[in-house]
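The values are calculated or read from the model by the stated rules, or taken from the named source; none is laboratory data. Please read these numbers as outputs of a predicted model, since none were measured by experiment. Note that each Cβ is placed from the backbone with ideal geometry, even for glycine, and that neighbours are counted across all protein chains shown. Surface areas here come from the heavy atoms of the whole protein model, side chains and all, with no ligands, DNA or RNA. Shrake-Rupley method; radii C 1.70, N 1.55, O 1.52, S 1.80 Å.
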Amino acid sequence: MGPVTQPSLFDDLEAAAETPVQHPLLDVRRIWAEPAAAASPRGRQVLARFPAAEVVEVASHWAVPELHGNAGNVDRWVRVKTENLVLGVKKSIATRENGRSANWIAPSTANGCAMACAYCYVPRRKGYANPITVFTNIDQITAHLRRHVAKLGPKPEPDQCDPAAWVYDIGENGDCSVDAVVSDNVADLVATFAELPTAKASFATKWVNRQLLELDPRGRTRIRFSVMPDTDARLLDIRTSRVADRIAAADDFVAAGYEVHLNLSPVVLREGWEADWTALLQQLSDVLAPATRDQAAAEVIMLTHNEALHEVNLGWHPQAEAALWRPDLQEPKVSQNGQVNVRYRVDVKRAAVARLRALIDQHAPWLTVRYAF
Ligand code: SF4
């Protein structure tokens, strides 16, 4: 299908109210849109935020071959991520059980990511560039979530996810802080959970979006800032906010009514990891305000890697692979979808988790570990 223009948008009051996005992560030139998605209020909002973008109609948000096939060419990936968005209507709206970080995985309101962490599993799903797809039927998704929460009723007993609330992960397939720049889907989710006293939204992020401070989460959205030693992040976390900036933002998010947790993730085992994690834990203790420390909890997630991603990364970022691909410490595990994942051997992982827990006890004793995995 060919490009279409969007002239009528600028007669549209709703669209005119949008401020065009100008950001290095998102210099959007082309929006690949299912017609129904482009015509919807949420779709029109996204188009209005990127008024210079050409709109290309597509039959399905999954089938945009022009966005695929750039494995191994990171310059091309990053260009594709920066210059493209996809608009689609989510067909199957379902909540899945989880139980680890969250009780439930909410239906995604977006997928893909404008950042490019070397270990990220998200790009494997939709071609390696994997630009952001926004689902425009947000009202159906929030209505589904309200029904799901109502049906559950109050949480009967505390668990590792939360002492009192059912926790719904709203950002499994991307980074909500960046998604919030593209559309109001995240704002709508935050507003939805603000009205649900038995539930909480939760998402992990590596990017600081201070626009989120203007929302009113009323304690019902948990932001999990991912942190790792800066040496690792500079090697692996491509296009993200610096770790020090994520830590520095935590107090502001608590003051704005978010719950702020920390993801100590991924933990990459390499020479000197214990000293660098010690320094990071000390930094957290020094920088975070008492109010932030009092409500904080952490997930510890050891690195999981993947053979196919390893092959791709070797083509553009071999230094990252020197840290991520450690056959001497790792063992393969075939996942449910047939991918060959690798993770640290059970004995290696057990010892590393125990060591990191001991470092937390020593240098950040205020930090409860919700789970280590
Ligand atoms: S920020 Fe998250 S979703 Fe985005 S590339 Fe990094 S790990 Fe993947």
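Return yes or no: is residue 312 crowded, with 20+ Cβ neighbours inside 10 Å, of a type in the set (Val, Ile, Thr) and in contact (Cβ under 8 Å) with a residue 24 or more places away in the chain? Quick ask: steps written out before the conclusion?
Numbers: crowded, with 20+ Cβ neighbours inside 10 Å: yes; of a type in the set (Val, Ile, Thr): yes; in contact (Cβ under 8 Å) with a residue 24 or more places away in the chain: yes.
So residue 312 passes the test.
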>> Residue pairs, Cβ under 7 Å, 6 or more apart or interchain, first in the range 159-183 and of a type in the set (Gly, Ala, Ser), second assigned to a loop (DSSP other than H, G, I, E, B) and near the ligand (Cβ under 10 Å from one of its atoms). List them.
In response: 174/113; 174/132; 177/207
>> Please return the ranges of helices (runs of 4 or more DSSP H) entirely within the range 203-296 where 1 or more residues are within 21 Å of residue 368 (Cβ to Cβ) and away from the ligand (no atom under 16 Å from the Cβ).
In response: 243-255, 273-287, 290-295
> Which of the residues belonging to the range 315-336 are surrounded by 14 or more Cβ atoms within 10 Å (Cβ to Cβ), in a helix (DSSP H, G or I) and either of a type in the set (D, E, K, R) or at pLDDT 90 or above (or both)?
Replying inline: 320, 321, 323, 324
> Has the range 262-273 got at least one residue that is of a type in the set (Val, Ile, Thr) and over 24 Å from the mean Cα position of the chain (by Cα)?
Replying inline: no
>> I'd like the residue in the range 137-187 that is open to solvent by less than 10 Å² (accessible area, probe 1.4 Å) and within 14 Å of residue 85 (Cβ to Cβ) and, out of all such residues, is nearest to the ligand (Cβ to nearest atom).
In response: 178
> Among the residues of the range 77-128, which ones are away from the ligand (no atom under 16 Å from the Cβ) and free of Cβ contacts under 8 Å to residues at least 60 places away in the same chain?
Replying inline: 83, 87, 88, 89, 90, 91, 92, 93, 94, 96, 97, 107
